[in-house]
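Report on the following structure.
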Amino acid sequence: MHLESNLAMDGGTISFWIRPAWETNSTVSHTLMSGRWRDPRQSYFSISEGWWEPGGSGRLYFVASNEDLVHCSSEMRLPTQTWSLVTVTWASGRPGFCKLYVDDELRAAAERPWAGGKVLETIELGSDAAATNSRGRTARGDIAGLKILAYPVTQRDVMARYTAEETPAALYDKKWAWLDSGIGGGLAAGAPSALPAAAFKRAIFDEDMAWAVSPGAIDERLRRLADAGFNIYVPCVWHGRGTLFPSRAAPPDRRFESRFAAGWDPLSYLVKQAHARKIAVYPWLTVVRREDDAHPEWADPGTPPVAYDVHQAGFREFAERLMLDIVTRYEVDGINLDYIRAMGVCVSPSCQRSYRSETGSELLADFSGGAPNAQARRRIQGWQDAAVGTIVRDFSARAHALKPRLVISIDGYAVRSNEERPLEGRDEVSWANHDWIDVIFQMDYRPEPDTGAYRAARAELADASKLWHLVGNYDVIDGSPAPRSGEWLSKVVDFERIGEASHGVGVYLYGLLSDAQIEALRAMTAARSTANEGRPRQDADQSDRLVDR
């Protein structure tokens, strides 16, 4: 279908419902819409599943202006035979942007300065005919509710349209069916039964320094956590810029120097009060992250930005001392290691010497601008694994010798053994299988976590109970975090215990834990505690402008 248009490059929105009729997992591209800017460069506009073949096959693209290099894409395919709301919005300027939404979720975005002043003079629906690189791409399906606006909209606008126009049945299927099937449908044949609610671990992460300000701040947090049924508290005590407790291994965060000097020890108070409420404490350290210049000797030029050099023995020894300082002086129940990775490939002179010594090869030649061949990749991976793994192994041995029941957890994303890991030295599965760590928090903050990847990674573990999801309890809407609904959070927590038969779940972040979430978790806990849940495990100790009025 051909449409005439007078839409400005300065800013606009196109939004429509589409029900694709092509085959699921089709290997060809499907252009939902294309357009041509009135521009001597013949710049085009497109919305397409697949583009820039073959590398772009299977991705959902929004190209606002190819000549201005303004485009974004998502690793997703539109569900076939199902209606989806597709919305694209853009603006030129400094910075300009383009954004791609599917239903009520932001799927892709990019910022880039680009000049306006052009007009979209023609639009082709279901065809790439208006694009300068037309290859006969088409899209079979139905389109409805096309809206073309001469201004960009916000995500709240998109959410309002989607909520107002989607059918209740489709809303349920898209938002809740995956959860309810796991909770109500029970476990797959042969899977272990779920832990009883009282034995299931619920951890919440607190990245804000405010927990350490006063006894009152700690008491209020613990009260809210107890109300919500959390039994593990993970407060950040080191974020790469000084400690939030009076450490003997590192200087305090400058904002706490005078309080610590006067005798205030927030970690000691926290542990005592948390244990009185039967809440375990896992102090959280962002091990390799660097947020000040207190130790320039461990961050030579060429070290990844905001990181320490994991290949320097001095830094590794410092990290171990810092963590052991907590273990030896406080009755903590666990230690949580975040940023336990190289955060990139260090190419400083000292790293080049280290690489040459350990591999016999030249780092700069192997790294090849970030695209090493298979053999070079294995060498770099092994070099990185050895450095980061040394921190985990050595700390684990000494900490477990002091406190055998101490839980050492790490934040990561475990993958199957046949998948490529990032070249950062993080090897969650190996660490767990060597018993260096006790829990892997699988970071997945999407509204629907990837349960397939989670189960595949769990199958790689000698002890599958070591893998726990770390879910987000908020969305970022129009650039600002907003708590998800209490219904969503309570369903996800319930799903992890019953649908996944996990031993625990982590929630990120305390600062976005709303009263509505607490109430929903409390109600779910009460309901489950009185329900007949069957045989317990034997190891239980373990915008309105888009809305049609």
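Key figures for this structure:
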{"read-out": "Over the chain: helical MRE at 222 nm, DSSP H runs n ≥ 4 each giving -39500 (n - 2.57), nearest 500", "value": "-9000 deg cm²/dmol"}
{"read-out": "HN-Hα J in Hz across segment 6-22 - Karplus 6.51, -1.76, 1.60, θ = phi - 60°, x for Gly and Pro", "value": "9, 8, 7, 5, 4, x, x, 8, 10, 9, 7, 8, 9, 10, x, 10, 7"}
{"read-out": "Computed over segment 2-172, Kirkwood Rh from alpha-carbon pairs, angstrom", "value": "15.9"}
{"read-out": "Separation in nanometres of the label points that stand 7 Å from Cα toward Cβ, at residue 402 and residue 3", "value": "6.5"}
{"read-out": "Nearest-0.05 FRET efficiency for residue 82 and residue 523, computed from C-beta distance (R0 35 Å)", "value": "0.65"}
{"read-out": "Column: log10 I(q)/I(0), Debye, Cα scatterers of segment 162-295, q = 0.12, 0.17, 0.19, 0.20 Å⁻¹", "value": "-0.67, -0.92, -1.03, -1.10"}
{"read-out": "Label-point separation, residue 294 to residue 171 (7 Å along Cα→Cβ), nm", "value": "5.0"}
{"read-out": "Cα lying deepest toward the dipole's positive end in the chain, options 20, 347, 117, charges on Cβ", "value": "347"}
{"read-out": "Magnitude of the charge dipole, segment 269-428, Cβ model with Lys/Arg +1 and Asp/Glu -1, debye to 20", "value": "600"}
{"read-out": "Label-point gap, in nm, between residue 365 and residue 219 - each point 7 angstrom along Cα→Cβ", "value": "6.7"}
{"read-out": "Dipole moment magnitude, nearest 20 debye, the chain about Cα centre, only Lys, Arg, Asp, Glu C-beta charged", "value": "380"}
{"read-out": "Spatial separation of Cα centroids for segment 45-70 and segment 208-243, in angstrom", "value": "45"}
{"read-out": "Cysteines having no other Cys beta carbon under 4.7 Å from their own, within the chain", "value": "72, 98, 236"}
{"read-out": "Theoretical FRET efficiency, 1/(1+(r/R0)^6), r = Cβ-Cβ of residue 306 and residue 138, R0 45 Å, to 0.05", "value": "0.45"}
{"read-out": "Residue among 243, 164, 396 farthest towards the positive dipole end of the chain, charges placed on Cβ", "value": "396"}
{"read-out": "FRET efficiency estimate (nearest 0.05) - Cβ-Cβ, residue 193 to residue 75, R0 41 angstrom", "value": "0.75"}
{"read-out": "Ranked by how many other beta carbons lie within 10 Å on average, peptides 520-526, 417-423, 282-288 from highest", "value": "282-288, 520-526, 417-423"}
{"read-out": "18 Å Cα-Cα threshold exceeded, pairs from 99/147; 175/466; 174/201; 99/174", "value": "175/466; 174/201; 99/174"}
{"read-out": "Segment 67-137: GluC sites (Glu not before Pro) falling in loop per DSSP and having at most 16 other Cβ within 10 Å", "value": "67, 75"}
{"read-out": "Kirkwood hydrodynamic radius over Cα pairs of the chain, then Stokes diffusion coefficient at 10 °C and 1.306 mPa s, in µm²/s", "value": "61"}
{"read-out": "Loop sites in segment 419-450: chymotrypsin sites (Phe, Trp or Tyr not before Pro), DSSP, at most 12 other Cβ within 10 Å", "value": "none"}
{"read-out": "15 Å Cα-Cα reach of residue 491 towards aspartates and glutamates, excluding residues that sit fewer than 8 places from it in its own chain", "value": "173, 180, 448, 500, 519"}
{"read-out": "Pairwise centroid distance, computed over Cα atoms, of segment 86-134 with segment 307-326, Å", "value": "46"}
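Computed from the coordinates by the stated procedures, all read-outs in this text should not be read as laboratory data. From a predicted model like this one, the values you see are computed outputs, not experimental measurements. No Cβ is skipped: glycine too gets one built from the backbone with ideal geometry, and neighbour counts run over all protein chains shown.
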